[in-house]
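For reference, the structure discussed in these notes is given below.
The values are calculated or read from the model by the stated rules, or taken from the named source; none is laboratory data. All of these numbers come straight from a predicted model, not from anything done at the bench. Methodologically, a virtual Cβ is constructed for each residue, glycine included, from the backbone with ideal geometry; neighbour enumeration extends over all protein chains shown. Just the protein is used for accessible areas: all its heavy atoms, side chains included, with ligands, DNA and RNA removed. Shrake-Rupley method; radii C 1.70, N 1.55, O 1.52, S 1.80 Å.
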Amino acid sequence: MINFLTFSENLPSNQEISKSQFFSPFIILIQAILSQNKLKLHKQLNKQMQLLRRVYQFGSTKHRFASDITSTNRQKMNLFQAINNALDIELGANPKALLFGEDVKFGGVFRCSQGLNEKYGTDRVFNTPLCEQGIGAFGIGLASVGYTAIAEIQFGDYIFPAFDQIVNEAAKFRYRSGNQFNCGSLTIRSTWGAVGHGALYHSQSPEAYFAHTPGLKVVVPRDPIQAKGLLLASIRDKNPVIFFEPKALYRNAEDEVPLDDYELELSKAEVVQQGKHITLIGYGTSIRVLKEASKLAEKDGVSCEIIDLQTIYPYDGQTLVDSVKKTGRCIITHEAPQTCGMGAELSAFIQEKCFLHLEAPIKRVAGYDTPFPLVHEPIYLPDKFKIYEAIKQSVNY
Amino acid sequence: MKHFMRFSKISKAFKEVPSQYVYQINPIQNFEQIKQFRVIDLEGNLIAKEYNNIPKETLNQIFDLMLTIEEMDNILYMSQRQGKISFYMTSFGETATTVGTTAALQPQDFIFPQYREQGSFMWRGFTIEQIVNQCIGNHLDGGKGRQMPVHYGSKDLNIVTVSSPLTTQVPQASGAGYGFRVNGENKIAATWFGEGAASEGDFHSAMNFAQTLKCQTLFLCRNNHYAISTPTDDQFKGDTIAGKAPAYGMRTLKIDGNDLLAVYNGVKYAREEIIKNKEPFFIEFITYRIGDHSTSDHSVLYRSQEEIDSWKSGNNPINRLGLFLKKQGLRQFNDEHDNQIRKDVKNRVIAALKHGSEQQSPSIHDLFTDVYDEVLPHLQDQYTQLREHLTKYKDQYPINKFKGGL
């Protein structure tokens, strides 16, 4: 098998591709065909395909909102397919990108890496031994010497063995070295949130632990289009990013996802629904719940503004403040336990900036302060009725 | 035209292999203890003649550096007692391991240190001034005054910055070594750790990953007999740390760490093997920590002065190398000359301390830089708040200590 990487070391980066280089692949291809040398042809084809892929990706577009993407080149995809597509694009465009974790090689337990080992080879898409602390550290080491390390932790519930490496090493690598070293090209992808039957160890939302760690970024997408753009932005961000994928949405969320290489800005929240009377803030799976709750509130004549935080940390405080100054009321929701969850941080921040604009206390509708239960899940979760009730209380305060 | 690699489902059907089975319960415990590789004996006599292959100039440079480090460590230890720096860690008794190893590596090899490898830093060119500035934490420190003393790092010298959590660097070196292999680079990732650090979980994950994923990683264990006050008997059972490595499928050497020629030759061999086979290698150096763990330690509380002296006079890397050089006629020994080296080092350290203490600390803004690649908005806000506070309470803070002041 031809070593993919030794070829691409000679390839220019996106910015350096000129017009003559755009046409040269075709010329060389024709030459190779005419030469009738099979091995040479095969090698040339490989090389030029890579160059074409790089050229195609020239001008990976960056957007603030997914609605800014005008491309009609789309395909219906669910969340895991969108993630797969993002990974495929990065592996294709960046010869130093590596994807690894438990069970990644055969396609991943959630199919996110399906087909990628066949396409890019075992040097680049591979299984690691069963050891989360090792996966985290291995990724940091790769990133510290210039590789793009995309590390997968199968369940967010199992990220804790890697906590020391993530918090004490990855987050502080640049700062403690006086910017001589960094592991910015590390991205840790992990699954996240309730799935209906996951109980204590397949349902957790650990974002708050990492949002408390300067040096990290934490991102949670709400649907396939966001997921692809945010994942590509996270991978290419020059800081270590933890990217939590809502497992409940892997199959259930579908959309017409652009096939292009596009990124959505990190640290920018999105107003997914405009409203007048109250601001509802959430992320990931909870955006759907907020939409359902707002439909119930609409019947009472309450117009809800829904904001998807997208980047949990560092979060886009300005969008939140602008909204609450307009509506005067705010509810924050997340599956993670209430105490010291993101709701606590956002409440403190918003009341500090919008105190005189508030018509009612900021309310958090979150998971209870218990471990995530099995049979009690339906009554544990912050569902649309609990949010609707909170909206009513806020509006009637 | 897709570039396919056939995804072969590797299925292993069950096959009976009679030789695999025994019919009596005989648990295995003691393996044969791995012996230490040695070239010169305790009196510097050459035993393994085929390893007498290090150029005379290199040997003398190594010896000079070992003297330099010993003298520098002395002065900096004392300067901590005098309050000039807040903390220090000496490397008495262990410089053959660090200097010898780094001399046998290539400059492009990445080193992931623990904290007692000033020998590695200085062999590659880290200066006394750089060491002192980091210990003081002034604006000349490459680390921008962010960490406690001895947490050196150097991008130019390919040595990753030291961090306090133990053993975290070891699996990172597995990752780096993997990158070097898949990119076909003539580079290895060499990582240092003590025998105590090898008890951490990160050690196990590093070893397992490195061998399983075939990483160009060199594991370097300094077994200096103590982890602060904990002797090796309280740290592990089995055949020291080297005894664990073959269990990971890894090639392993145990080396007499106070024998400079053995260190140099062993590391040179290991590096060649790593590049040739594209597999990791494990080396344990048996040495002894002659000094205290750090300036916060008082080691006679847990070990006898006799024990320390027995190593200092009986198995000392500087003495052994010096005797070897003398007996082989590779160095003209001259008390005056060696005293001059020590005197020069002493003066240089003292001058660096004086100059370093007169420098300002990094700027106030540097509290907020390098958390991310840019100073993000929320940090910009916090910086502004701090400036406002410092302006208002100017007299309560040592503002002029920071470069650029307010």
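Identify, from the list B:379, B:390, B:323, the residue that is more than 27 Å from residue B:129 (Cα to Cα), open to solvent by less than 90 Å² (accessible area, probe 1.4 Å), touching a residue at least 24 places away in the same chain (Cβ under 8 Å) and over 32 Å from the mean Cα position of the chain (by Cα). Step through it out loud before you land on a result.
Working: B:379 fails: touching a residue at least 24 places away in the same chain (Cβ under 8 Å); B:323 fails: over 32 Å from the mean Cα position of the chain (by Cα).
Just a single option satisfies the conditions, and that option is B:390.
Give the number of residues within segment B:147-156 that are crowded, with 19+ Cβ neighbours inside 10 Å and without any contact (Cβ under 8 Å) to a residue 40 or more places away in the chain. Walk me through how you get there before you give the answer.
First, the residues of segment B:147-156 that are crowded, with 19+ Cβ neighbours inside 10 Å: B:147, B:149-154.
Next cut, without any contact (Cβ under 8 Å) to a residue 40 or more places away in the chain only: B:147, B:151-154.
The total comes to 5.
Among the residues in segment A:230-243, are any outside the structural domain of residue A:378 (by TED's automatic domain parsing), aromatic (Phe, Trp, Tyr) and either assigned to a helix (DSSP H, G or I) or open to solvent by 50 Å² or more (accessible area, probe 1.4 Å) (or both)?
The first filter runs over segment A:230-243 and keeps only residues outside the structural domain of residue A:378 (by TED's automatic domain parsing), leaving A:230-243.
Next, from what is left, pick out any that are aromatic (Phe, Trp, Tyr): A:243.
This time we only want the ones that are either assigned to a helix (DSSP H, G or I) or open to solvent by 50 Å² or more (accessible area, probe 1.4 Å) (or both), so: none.
For segment A:230-243, residues outside the structural domain of residue A:378 (by TED's automatic domain parsing), aromatic (Phe, Trp, Tyr) and either assigned to a helix (DSSP H, G or I) or open to solvent by 50 Å² or more (accessible area, probe 1.4 Å) (or both): absent.
Yes/no per residue for (1) away from every other protein chain (no Cβ under 14 Å); (2) surrounded by 24 or more Cβ atoms within 10 Å (Cβ to Cβ):
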| site | (1), (2) |
| --- | --- |
| B:178 | no, yes |
| B:208 | no, no |
| B:217 | no, yes |
| B:225 | yes, no |
| B:254 | yes, yes |
| B:280 | no, yes |
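Mind checking which residues of segment A:127-155 are more than 7 Å from chain B (Cβ to nearest Cβ) and surrounded by fewer than 24 Cβ atoms within 10 Å (Cβ to Cβ)?
A:127, A:130, A:146, A:148, A:154, A:155 - these are the residues of segment A:127-155 that are more than 7 Å from chain B (Cβ to nearest Cβ) and surrounded by fewer than 24 Cβ atoms within 10 Å (Cβ to Cβ).
Please pick out the residue among A:214, A:246 that is open to solvent by 10 Å² or more (accessible area, probe 1.4 Å) and under 23 Å from residue A:151 (Cα atoms). Working first, answer last.
Numbers: A:246 fails: open to solvent by 10 Å² or more (accessible area, probe 1.4 Å).
Testing whether each residue is open to solvent by 10 Å² or more (accessible area, probe 1.4 Å) and under 23 Å from residue A:151 (Cα atoms) leaves just A:214.
Evaluate segment A:86-99: report whether one residue or more is acidic (Asp, Glu), open to solvent by less than 30 Å² (accessible area, probe 1.4 Å) and assigned to a helix (DSSP H, G or I). Walk me through it before giving the result.
We begin by selecting, within segment A:86-99, every residue acidic (Asp, Glu); these are A:88, A:90.
When the remaining residues are screened for being open to solvent by less than 30 Å² (accessible area, probe 1.4 Å), the result is A:90.
From what's left, assigned to a helix (DSSP H, G or I): A:90.
Checked against the condition, which is being acidic (Asp, Glu), open to solvent by less than 30 Å² (accessible area, probe 1.4 Å) and assigned to a helix (DSSP H, G or I), segment A:86-99 yields at least one hit.
Assess whether residue A:121 counts as being surrounded by fewer than 22 Cβ atoms within 10 Å (Cβ to Cβ), at the interface with chain B (Cβ under 8 Å from one of its Cβ atoms) and at pLDDT 95 or above.
Working: surrounded by fewer than 22 Cβ atoms within 10 Å (Cβ to Cβ): yes; at the interface with chain B (Cβ under 8 Å from one of its Cβ atoms): yes; at pLDDT 95 or above: yes.
When the stated conditions are applied, residue A:121 passes them.
Could you identify the single residue in B:323, B:367, B:301 that is out of contact with any helix residue (DSSP H, G or I) (no Cβ under 8 Å at 6 or more places or on another chain) and more than 30 Å from residue B:54 (Cβ to Cβ)? Break it down into steps so the answer makes sense when it comes.
Details: B:323 fails: more than 30 Å from residue B:54 (Cβ to Cβ); B:367 fails: out of contact with any helix residue (DSSP H, G or I) (no Cβ under 8 Å at 6 or more places or on another chain).
Sole residue among the options that is out of contact with any helix residue (DSSP H, G or I) (no Cβ under 8 Å at 6 or more places or on another chain) and more than 30 Å from residue B:54 (Cβ to Cβ): B:301.
Hey, could you check segment B:108-143 for residues that are of a type in the set (Gly, Ala, Ser) and in contact with a strand residue (DSSP E or B) (Cβ under 7 Å, 6 or more places away or on another chain) and say which is farthest from the other protein chains (Cβ to nearest Cβ)?
Keep residues of segment B:108-143 that are of a type in the set (Gly, Ala, Ser), which gives B:119-120, B:125, B:137, B:142-143.
Narrowing further to those that are in contact with a strand residue (DSSP E or B) (Cβ under 7 Å, 6 or more places away or on another chain): B:120, B:137, B:142.
Working: B:120: 16, B:137: 11, B:142: 5 Å.
Here the residue is B:120.
Which pairs have Cβ atoms under 9 Å, sit 6 or more apart or on different chains, and link a residue in segment B:297-314 that is under 16 Å from residue B:70 (Cβ atoms) to one that is assigned to a helix (DSSP H, G or I)?
Filtered contacts from segment B:297-314: B:308/B:299; B:308/B:300; B:312/B:319; B:313/B:319.
Right, residue B:129: among the acidic types (Asp, Glu), open to solvent by 20 Å² or more (accessible area, probe 1.4 Å) and out of contact with any Cys (no Cβ under 7 Å at 6 or more places or on another chain) or not?
Numbers: among the acidic types (Asp, Glu): yes; open to solvent by 20 Å² or more (accessible area, probe 1.4 Å): yes; out of contact with any Cys (no Cβ under 7 Å at 6 or more places or on another chain): yes.
Criteria met by residue B:129.
Checking residue B:173 against (1) crowded, with 24+ Cβ neighbours inside 10 Å; (2) more than 7 Å from chain A (Cβ to nearest Cβ), which test does it fail?
Against the list (1) crowded, with 24+ Cβ neighbours inside 10 Å; (2) more than 7 Å from chain A (Cβ to nearest Cβ), residue B:173 comes up short only on (2).
So is residue A:113 among the polar types (S, T, N, Q), under 18 Å from the mean Cα position of the chain (by Cα) and in the same structural domain as residue A:224 (by TED's automatic domain parsing) or not? Spell out the reasoning first.
Working: among the polar types (S, T, N, Q): yes; under 18 Å from the mean Cα position of the chain (by Cα): yes; in the same structural domain as residue A:224 (by TED's automatic domain parsing): yes.
Criteria met by residue A:113.
Mind listing whichever residues of segment A:156-173 are part of a helix (DSSP H, G or I) and open to solvent by less than 30 Å² (accessible area, probe 1.4 Å)?
The first filter runs over segment A:156-173 and keeps only residues part of a helix (DSSP H, G or I), leaving A:156-158, A:160-173.
Answer for segment A:156-173, where residues must be part of a helix (DSSP H, G or I) and open to solvent by less than 30 Å² (accessible area, probe 1.4 Å): A:156, A:157, A:162, A:165, A:166, A:167, A:169, A:170, A:171, A:173.
Within segment B:184-200, work out how many residues are open to solvent by 10 Å² or more (accessible area, probe 1.4 Å), in contact with a Ser or Thr (Cβ under 8 Å, 6 or more places away or on another chain) and either within 7 Å of another protein chain (Cβ to nearest Cβ) or not small (Gly, Ala, Ser) (or both).
The total comes to 2.
With the condition being in contact (Cβ under 8 Å) with a residue 40 or more places away in the chain and either open to solvent by less than 30 Å² (accessible area, probe 1.4 Å) or touching a Lys or Arg at 6+ places or on another chain (Cβ under 7 Å) (or both), I'd like the strands (runs of 3 or more DSSP E) fully within segment A:257-338 carrying at least 2 qualifying residues.
Details: elements: A:262-264, A:270-273, A:278-282, A:304-308, A:311-313, A:330-337.
Filter on segment A:257-338 gives A:262-264, A:278-282, A:304-308, A:311-313, A:330-337.
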